[in-house]
Amino acid sequence: MSATTKTLEELTNRKYEAGFITDIEQDTVPPGLDEDIIRFISEKKAEPEWMLEWRLKAYRNWLQMPVPQWANVYYPPIDFQAISYYSAPKRKEDMPQSLDEIDPKLKETYDRLGIPLHEQEMLAGVAVDAVFDSVSVATSYKAKLREKGIIFCSMSEAIQEHPELVRKYLGSVVPYTDNYYAGLNSAVFTDGSFVFIPKGVRCPMELSTYFRINAANTGQFERTLIIAEEGSHVSYLEGCTAPVRDENQLHAAVVELIALDDAQVKYSTVQNWYPGDEEGRGGVYNFVTKRGLCAGNNSKISWTQVETGSAITWKYPSCVLRGDNSVGEFYSVAVTRGRQQADTGTKMIHMGKNTRSTIVSKGISAGHGQQSYRGLVRITPKAENARNYSQCDSMLMSATCGAHTFPYIDVQNPTAQLEHEATTSKIGEEQILYCNQRGIATEDAVSLIVNGFCKEVFRTLPMEFAVEAQKLMEITLEDSVG
Amino acid sequence: MALLEIRNLHAQIQGVEILKGIDLAIERGETHAIMGPNGSGKSTLAKVLAGDPSYEVTGGEVYFQDRNLLELAPEDRAREGVFLGFQYPVEIPGVSNTYFLKAALNAIRKYRGEQELDAMEFLQLIKERAKSVKLDEALLRRPVNDGFSGGEKKRNEIFQLAVLEPYLAILDETDSGLDIDALRTVADGVNSLRSEERGFLVITHYQRLLNYIIPDKVHVLLHGRIVKSGGKELAEELEESGYALFEEAAA
Ligand SMILES: Nc1ncnc2c1ncn2[C@@H]1O[C@H](COP(=O)(O)OP(=O)(O)O)[C@@H](O)[C@H]1O
Ligand SMILES: [Mg+2]
């Protein structure tokens with residue numbers, strides 16, 4: 001948080017300028033989902049007709065889809081009629097009035113991560129006006145971006161202001177027919193981020209949803225679309241290391257990335273949603289569809305994720321390598337402890353010639369945590385000289401946790417070269433003894449060993465994010481050996 | 001009082017008694033050698049002294065510079081000045097040798113109430129020590145023991161010893177797997193660290209190492225007991241007659 005914190009603090013001291021988010025009305029619909037609800041959402045957002053049509057088509061298709069059962073995670077069936085699909089932000093009186101009202105454990109974590117009080121309040125959803133001050137941060141950055149022709153705004157705004165772009169690209173990478181949760185998202189998404197980087201432009205800063213923290217309430221069915229035109233570069237950061245509380249149990253986001261010729265998109269996530277209590281009660285179900293399309297030649301899409309939160313994670317950031325010489329990367333650290341379950345991995349679909357992909361997955365399980373790596377590498381018939389390197393390492397920190405690997409390979413072109421490495425290690429008692437014997441205490445030894453284990457992934461994160469991720473890992477895994 | 005005093009030490013692992021009453025005293029400035037066939041309990045003794053929690057001490061006492069060693073956590077034993085050069089040093093992927101050693105040295109210094117070294121002082125120190133034990137500087141930046149050859153791992157142990165400057169160094173088969181040149185370097189490293197206030201316990205399988213590191217005393221360990229102690233000539237005797245002689249004595 002350090003670097004961003006400073007700017008945030010500086011900027012939040014300024015007065016609120018223009019609205020990043022359009023007027024919020026105080027409506028909430030009752031739980032349940034039907035076409036009227038979708039019409040209501042679309043109307044509330046004053047969407048054009050085509051958007052409503054698209055939502056409705058998605059909804060009708062979704063009704064025909066079966067709930068996916070193949071992931072290695074277990075939870076009671078979700079009652080989709082029990083969810084409210086449109087709710088205005090809570091009234092102040094209904095929110096916690098101060099940090100004293102929140103879980104002391106959460107508060108302690110905030111303190112240890114060094115998050116200033118003011119931000120703690122925002123993250124914990126305390127009723128403070130300052131929340132809206134963060135809007136001005138985004139506004140001032142936006143002006144800078146606009147000079148370069150970069151569009152960075154909310155999805156709602158993009159639908160209004162840049163309908164031609166949204167219409168062209170929305171659903172082009174993840175169609176509403178793709179899977180159950182993507183289908184649901186397409187029908188009911190409420191907001192998200194939109195990024196457009198014009199031809200030849202290098203985005204001068206890391207784009208972060210952090211600056212839109214006040215939009216956190218829209219996170220349940222978030223929709224993100226990033227378009228990088230020919231020769232452009234962008235790096236996008238999602239989430240933050242601080243634990244985020246959310247009363248919405250189901251999160252079904254969709255993220256679509258498009259890279260045209262010679263463009264590069266880097267998408268980094270730190271996910272630390274509420275994992276639930278010791279028994280896993282109340283934690284977030286994080287069912288996300290993330291996919292990038294390397295549409296152009298020599299394009300590159302790179303995913304990095306650090307997943308420490310949520311009760312259940314079901315997530316496979318993927319790359320479709322359509323352009324010749326395009327490159328896909330997936331770097332992941334996932335931690336499951338307590339009763340957390342994660343089924344995560346990636347898909348690399350090689351279609352163009354000389355396409356290359358790299359997969360580095362590091363899974364850490366502690367307590368009763370269960371984790372599966374699930375990955376697909378597909379080489380289609382026309383993908384001459386495709387290469388993939390996959391490395392899946394699991395580290396077990398207790399006798400009661402579990403790690404599983406499901407690597408699927410589908411090679412339809414004989415010129416392909418694939419390499420797969422997998423290791424499972426128990427966090428070595430021998431490693432800890434070795435550190436102890438050199439004077440290093442067990443707690444420090446664990447964080448040393450774990451950070452070493454994750455190093456290949458952390459080093460792909462933007463600098464200040466990497467430092468935070470390391471700290472997060474230390475706090476997350478404290479007292480986990482045994 | 002002796003630097004290290006072991007009295008009637010018994011230890012077991014998973015219910016199997018391995019050490020069956022060890023008595024041993026090392027004075028400051030002395031170098032002792034322990035010899036014994038495979039499985040006699042040499043590494044067990046070393047790890048029990050280091051505080052490896054997989055072993056259970058079932059009897060006896062160990063004093064180190066007047067402290068009851070068995071009461072201390074493994075890291076505190078290290079901070080008090082006990083160093084173990086492991087027979088099989090573990091790999092710690094992703095953690096650079098330099099970073100690791102800095103964490104170690106500063107933890108020890110902090111415990112002793114000494115000032116932690118800053119990055120510059122530390123780098124200077126490790127460069128100098130690496131040179132003195134002929135450790136390739138490239139290994140400083142590599143992850144701890146990760147992908148090191150057998151010889152490099154052993155040399156790295158001696159290098160760590162040189163940086164951490166303990167009062168008692170236990171070297172568990174640091175000679176095994178080394179060619180003659182590497183053996184000499186390791187021995188030179190050890191010899192240069194021998195001093196008035198420091199003691200060594202050199203565990204070895206072969207007499208060979210003791211041609212280079214001349215011990216003050218030699219002990220023969222067999223089936224978890226020291227069956228004979230003597231001067232350096234005992235090592236030569238063993239070289240000629242093997243352990244069979246002692247097998248009979250022990251039986
Ligand atoms: N986990 C274990 N369970 C039972 N016996 C063990 C275990 N580990 C080591 N041992 C036994 O302890 C004895 C001593 O081993 P060790 O101290 O390594 O001998 P040395 O170093 O002299 O070769 C051996 O007989 C070995 O088989
Ligand atoms: Mg041994």
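For this structure, a couple of remarks:
- When the criteria are applied in full, B:Glu157 meets the requirement of being within 16 Å of ligand 1 (Cβ to nearest atom) and either without any contact (Cβ under 8 Å) to a residue 40 or more places away in the chain or not in a loop (DSSP other than H, G, I, E, B) (or both).
- Within the stretch B:2-37, considering residues that are in a strand (DSSP E or B) and near ligand 1 (Cβ under 8 Å from one of its atoms), the one surrounded by the fewest Cβ atoms within 10 Å (Cβ to Cβ): B:Val16
- Single unsatisfied condition, A:Glu464 versus (1) among the charged types (D, E, K, R); (2) more than 7 Å from every other protein chain (Cβ to nearest Cβ); (3) under 15 Å from A:Val333 (Cβ atoms): (3)
- Being over 25 Å from B:Pro93 (Cβ atoms), basic (Lys, Arg) and surrounded by fewer than 16 Cβ atoms within 10 Å (Cβ to Cβ) holds for only one residue in A:Lys426, A:Lys382, A:Lys347, A:Lys353, and it is A:Lys382.
- Pairing each residue of the stretch B:84-113 that is within 16 Å of ligand 2 (Cβ to nearest atom) with any residue that is assigned to a loop (DSSP other than H, G, I, E, B), provided the two are 6+ apart or on different chains, yields C-beta distances under 7 Å for B:Gly85/B:Thr174; B:Gln87/B:Glu173; B:Pro89/B:Asn145; B:Val90/A:Gly428; B:Val90/B:Asn145.
- Residue, surrounded by the most Cβ atoms within 10 Å (Cβ to Cβ), within the stretch B:99-127, restricted to residues that are within 22 Å of the chain's Cα centre (by Cα) and away from every other protein chain (no Cβ under 13 Å): B:Ile126
- Residues that are in a loop (DSSP other than H, G, I, E, B) and either under 16 Å from the mean Cα position of the chain (by Cα) or within 16 Å of ligand 2 (Cβ to nearest atom) (or both) within the stretch B:43-54 comprise B:Gly51, B:Asp52, B:Ser54, listed in sequence order.
- Yes/no for B:Arg129 being away from ligand 1 (no atom under 16 Å from the Cβ), under 20 Å from B:Phe100 (Cβ atoms) and basic (Lys, Arg): yes
- Hits in the stretch B:87-103 - residues which are under 23 Å from B:Glu128 (Cα atoms) and either more than 16 Å from ligand 1 (Cβ to nearest atom) or among the aromatic types (Phe, Trp, Tyr) (or both): B:Val95, B:Ser96, B:Asn97, B:Thr98, B:Tyr99, B:Phe100, B:Leu101, B:Lys102, B:Ala103
- Selection of the stretch B:222-251 for residues being part of a loop (DSSP other than H, G, I, E, B) and within 16 Å of ligand 2 (Cβ to nearest atom) yields B:His223, B:Gly224, B:Tyr243.
- Scan of the stretch A:60-80 for residues that are in contact (Cβ under 8 Å) with a residue 60 or more places away in the chain and assigned to a loop (DSSP other than H, G, I, E, B), ordered by number: A:Met65, A:Pro66, A:Val67, A:Pro68, A:Ala71, A:Asn72, A:Val73, A:Tyr74, A:Tyr75, A:Ile78
- Residue in the stretch B:199-207 that is closer than 21 Å to B:Leu49 by Cβ and surrounded by fewer than 20 Cβ atoms within 10 Å (Cβ to Cβ) present: yes
- Scan of the stretch B:165-221 for residues that are more than 16 Å from ligand 2 (Cβ to nearest atom), within 14 Å of chain A (Cβ to nearest Cβ) and not acidic (Asp, Glu), ordered by number: B:Pro166, B:Tyr167, B:Leu168, B:Ala169
- In this structure, B:Glu61 does satisfy being away from ligand 2 (no atom under 16 Å from the Cβ) and touching a Lys or Arg at 6+ places or on another chain (Cβ under 6 Å).
- The criterion of being surrounded by fewer than 22 Cβ atoms within 10 Å (Cβ to Cβ), within 10 Å of another protein chain (Cβ to nearest Cβ) and within 15 Å of ligand 1 (Cβ to nearest atom) does not hold for B:Asp76.
- You will find that of A:Ala46, A:Ala3, the residue that is surrounded by fewer than 16 Cβ atoms within 10 Å (Cβ to Cβ) and modelled with pLDDT of 80 or more is A:Ala46 and no other.
- Selection status of A:Ile449, touching a Leu at 6+ places or on another chain (Cβ under 9 Å), within 14 Å of another protein chain (Cβ to nearest Cβ) and surrounded by 23 or more Cβ atoms within 10 Å (Cβ to Cβ): no
- Near pairs, Cβ below 9 angstrom, 6+ apart or cross-chain, from the stretch B:124-136 (closer than 20 Å to B:Gly147 by Cα) to any residue that is in a loop (DSSP other than H, G, I, E, B): B:Ala130/B:Asp136; B:Ala130/B:Glu137
- Within the stretch B:151-210, being over 26 Å from B:Ala103 (Cβ atoms) and hydrophobic (A, V, I, L, M, F, W, C) holds for B:Leu178, B:Ile180, B:Ala182, B:Leu183, B:Ala187, B:Val202, B:Ile203, B:Leu209, B:Leu210.
- Filter result for A:Glu421 (within 14 Å of chain B (Cβ to nearest Cβ), surrounded by fewer than 20 Cβ atoms within 10 Å (Cβ to Cβ) and either touching a residue at least 24 places away in the same chain (Cβ under 8 Å) or closer than 30 Å to A:Ile349 by Cβ (or both)): yes
- Elements of type strands (runs of 3 or more DSSP E) contained in the stretch A:256-318, each with 1 or more residues being modelled with pLDDT of 95 or more: A:264-271, A:285-294, A:300-307
- As for the stretch B:38-54, it holds no residue that is more than 16 Å from ligand 1 (Cβ to nearest atom), away from chain A (no Cβ under 14 Å) and not small (Gly, Ala, Ser).
- Residue check, B:Ala130 at the interface with another protein chain (Cβ under 10 Å from one of its Cβ atoms) and buried (at least 16 other Cβ atoms within 10 Å of the Cβ): no
- Residues that are more than 15 Å from ligand 2 (Cβ to nearest atom) and farther than 17 Å from B:Asp66 by Cβ, drawn from the stretch B:1-21: B:Asn8, B:Leu9, B:His10, B:Gln12, B:Gln14, B:Gly15, B:Val16, B:Glu17, B:Lys20, B:Gly21
- Only strands (runs of 3 or more DSSP E) whose full extent lies in the stretch A:325-381 are considered here, and the ones with at least 1 residues that are of a type in the set (A, V, I, L, M), within 19 Å of A:Asp410 (Cα to Cα) and in contact with a Phe, Trp or Tyr (Cβ under 8 Å, 6 or more places away or on another chain) are A:341-350, A:356-365, A:370-379.
The values are calculated or read from the model by the stated rules, or taken from the named source; none is laboratory data. The structure displayed is predicted, hence computed values, not measured ones. As a convention, Cβ positions derive from the backbone with ideal geometry for all residues, glycine included, and neighbour counts pool all protein chains shown.
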